[in-house]
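These notes are about the structure you will find just below.
Values in this text are rule-based calculations from the coordinates and carry no lab data. What you see is a predicted model, and the numbers here were worked out from it, not measured in a lab. All Cβ positions, glycine included, derive from the backbone under ideal geometry; neighbour counts span all protein chains shown.
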Amino acid sequence: MSTQETHGMVHTAREREASSTADTADGRARTSAGKEMLVSVVMPCFNERPTILASVKRVLEAPFLKEIVLVDDGSTDGTREVLAGEVEKLAGVRVFYQDKNRGKGAALRRGFQEANGDIIIVQDCDLEYDPRDIPSVVKPIVEGDADVVYGSRFLGGPHRVLYYWHSVGNHMLTTASNMITDLNLTDMETCYKAFRAEILKSIELEEDRFGFEPEVTVKMARKREIRVYEVPISYKGRTYAEGKKIGLKDAFRAMYCLARYGLLKRS
Ligand SMILES: Nc1nc2c(ncn2[C@@H]2O[C@H](COP(=O)(O)OP(=O)(O)O)[C@@H](O)[C@H]2O)c(=O)[nH]1
Ligand SMILES: [Mg+2]
């Protein structure tokens, strides 16, 4: 394992070469110039009071250079009080408030606008996805091999066993997406989507709700010479009783979005 993997740090390829001789006293591998790529972690949040603070803290603890852009999507369950009282004062975190609930896609659009990083990754606020996986998700971009990386729940990482029919639905949506894009993804619906910031900012997004996932997939795949990677991630799925919200209606919407953006609306 390289020095950088040991510390989970994020470096460009050239910096990695230099960093092997530039370890500093705090044990973190840095280049001689001390530079890492900045990762903007965009966190869309709607009614996540039990997990919001822990989600933010886990991202802050994960070992990579980051800024957090958190967008509250009109929460009404006390999340806003936690954000205003505890999250806003954390260093490296900026919180934005939507005037009313508009959906994950709309919250993400706001977050992407505010992001200043070299790389942008999406992080949900319900602890289903583990921020300790972020360094390995962004690594192919840092190393200069990829423009976009999806963290896949179906490539062998540890995951909670849950909802067979959900997994069937997921596979159907990913297959339909692959037929349209000619990419061989294994998990189109994953939350962990990382982009070189300039690529993401060049994509015009319209979907306000969970249609974001198929829309961004179809639109990025259409970019010329885009290099897409997948890496395995862990997944701690939650039940509906624990707060899961996505459902059958969202699966139909995803199919509709694949057809709309992939087949009908090609500009
Ligand atoms: N369900 C839902 N989630 C939203 C909305 N706006 C932002 N989000 C956030 O989007 C992320 C994914 O939603 P989630 O409900 O966890 O989806 P699920 O776990 O797939 O059921 C979470 O961080 C939510 O807090 C919204 O209007 N509805
Ligand atoms: Mg979730």
Subject >> Distance violations [Cα-Cα > 27 Å] among LYS57/LYS223; LYS57/LYS193; LYS100/LYS139; LYS100/LYS244; LYS66/LYS201; LYS223/LYS244 >> reply: LYS57/LYS223; LYS100/LYS139; LYS223/LYS244
Subject >> Where trypsin sites (Lys or Arg not before Pro) fall in DSSP loop in the stretch 216-266, at most 16 other Cβ within 10 Å >> reply: ARG222, LYS223, ARG224, ARG227, LYS236, ARG238, LYS244, LYS245, LYS265, ARG266
Original post:
In the chain, what percentage of the DSSP-assigned beta bridges are antiparallel, given to the nearest 5?
Top reply: 25 percent
Original post:
For the chain, modelled as a GNM with alpha-carbon contacts under 10 angstrom, which of SER136, SER234, SER202 fluctuates the most?
Top reply: SER202
**OP:** Find the cysteines in the chain that fail to meet the 4.7 Å Cβ criterion with every other cysteine, and list them.
**Re:** CYS191, CYS257
Original post:
Can you give the FRET efficiency for HIS166 and ARG224, using 1/(1 + (r/R0)^6), R0 = 51 Å, r = Cβ-Cβ distance, to the nearest 0.05?
Top reply: 0.90
**OP:** Report the label-to-label distance for GLN113 and ASP77 in nanometres (one decimal), using points 7 Å from each Cα along the Cα→Cβ vector.
**Re:** 2.7 nm
Original post:
So if R0 is 45 Å, what FRET efficiency would LYS100 and ASN178 give, r being the distance between their Cβ atoms, rounded to the nearest 0.05?
Top reply: 0.80
**OP:** For the stretch 81-151, state which trypsin sites (Lys or Arg not before Pro) are in a DSSP loop and have at most 15 other beta carbons lying within 10 Å of their beta carbon.
**Re:** LYS89, LYS100
Original post:
Once you mark the GluC sites (Glu not before Pro) that are in a DSSP loop and have at most 14 other Cβ atoms within 10 Å, what is the longest gap between them in the chain?
Top reply: 89-203
**OP:** Report the FRET efficiency, 1/(1 + (r/R0)^6), for LEU90 and SER234, where r is their Cβ-Cβ distance and R0 is 25 Å, rounded to 0.05.
**Re:** 0.55
Subject >> Hypothetical label at ALA241: residues of the stretch 44-78 whose amide nitrogen lies under 19 Å (7 Å Cα-Cβ projection) >> reply: 50-51
Original post:
With the Cα gyration tensor of the stretch 171-267 giving a ≥ b ≥ c as the square roots of its eigenvalues, does the rule (a/c under 1.5 for rounded; else a/b larger than b/c for prolate; else oblate) give rounded, prolate or oblate?
Top reply: prolate
